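A short write-up of the structure that comes next.
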Amino acid sequence: FNTLNNFIYHHKNIHLEKHFDNINNNLLRYKKNLIQKGKVYAHGDLCFSNILFSSKKAYLKLIDPKGFSKSKGMRTGYYELAKLSHSYLGDYDLIVNNLAKIEFDTNMNAKVALTFKKDNSSELFFKDFVNEMNYEFKIVRLLESSLFLSMLPLHAENSYKVFLLALKSVEVFEDYLNLNWW
């Protein structure tokens, strides 16, 4: 933890505990919104690696649901959208499949970079999708930042992935802070 915390502090100017507190404090601001939206029957782990698509048959199949019981199957729709954003905008699946790396700018600020050029033109599509479902995109991104932090212990066997995931959490939170216009 100390090594990771020092890395994030030196390259993003924030301690992980402060970052965690910032996420929680901001989530508390939206608690009413989350409760008012109610719960939906949810997959629970809606990331790209759990979505199978057949272009021949034109169908999607969701696999490996998490919490498929009456008590565990209901979640806020924000969680499902945050999990999708985690993959779609946050590149979670690419990070855990070794298609991302840490790059540094001339000021030694670190950032997550993909090992290939990604077409980001569909980002607006996802924002519109969230908006059309009457969810707040800003809350989705905030939950996504939290999700990246929650992945750290799940990938503890690979410290480089842990560094990428922590770094990505901070980057998504920075994006969230810049979403005042949405």
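The values are calculated or read from the model by the stated rules, or taken from the named source; none is laboratory data. Here the structure is a predicted model, which means the values were calculated and not measured. Positions of Cβ are generated from backbone atoms using ideal geometry, with glycine treated the same way; all protein chains shown enter the neighbour counts. Each accessible area value is taken on the protein alone, full model and side chains, heavy atoms only, with ligands, DNA and RNA left out. Shrake-Rupley method; radii C 1.70, N 1.55, O 1.52, S 1.80 Å.
Here are some notes:
- The 1.4 Å probe gives accessible areas that order His155, His19, largest first, as His155, His19.
- Within a Gaussian network of the chain (alpha carbon springs, distance under 10 Å), most fluctuating of Lys57, Lys111, Lys138: Lys57
- Residue-normalised accessible area of region 83-182, given per residue in Å² at a 1.4 Å probe: 50
- Label-to-label distance, nm, for residues given as Arg29 and Leu52 (7 Å Cα→Cβ offset): 4.2
- Amide proton proximity set for Ala100, modelled H, under 5 Å, gap of 5+: Thr115
- Short-range pairs are left out: with C-alpha atoms under 8 Å and at least six residues apart, the relative contact order of region 87-142 is 21 percent.
- Dipole magnitude of region 97-139 about its Cα centre (Cβ charges: Lys, Arg +1; Asp, Glu -1), debye to nearest 20: 200
- The packing ranking of peptides 147-154, 101-108, 162-169, highest mean first, is 162-169, 147-154, 101-108, where packing means the average number of other beta carbon atoms within 10 angstrom of each residue.
- Cα-based shape type of region 7-103, given that a ≥ b ≥ c are square roots of the gyration tensor eigenvalues and the cut on a/c is 1.5: oblate
- Mean Cβ count within 10 Å, highest first, over the residues of peptides 21-33, 113-125: 21-33, 113-125
- Of all accessible heavy-atom area on the chain, the percent that carbon and sulfur account for (1.4 Å): 54
- Gain on full stretching of the segment that runs from Met74 to Met108 - 0.36 nm per residue minus C-alpha separation: 7.9 nm
- Relative contact order (percent, whole number), region 1-156, Cα cutoff 8 Å, 6+ residue spacing: 23
- Computed [θ] at 222 nm, deg cm²/dmol, the chain (DSSP H ≥ 4; -39,500 (n - 2.57); rounded to nearest 500): -15500 deg cm²/dmol
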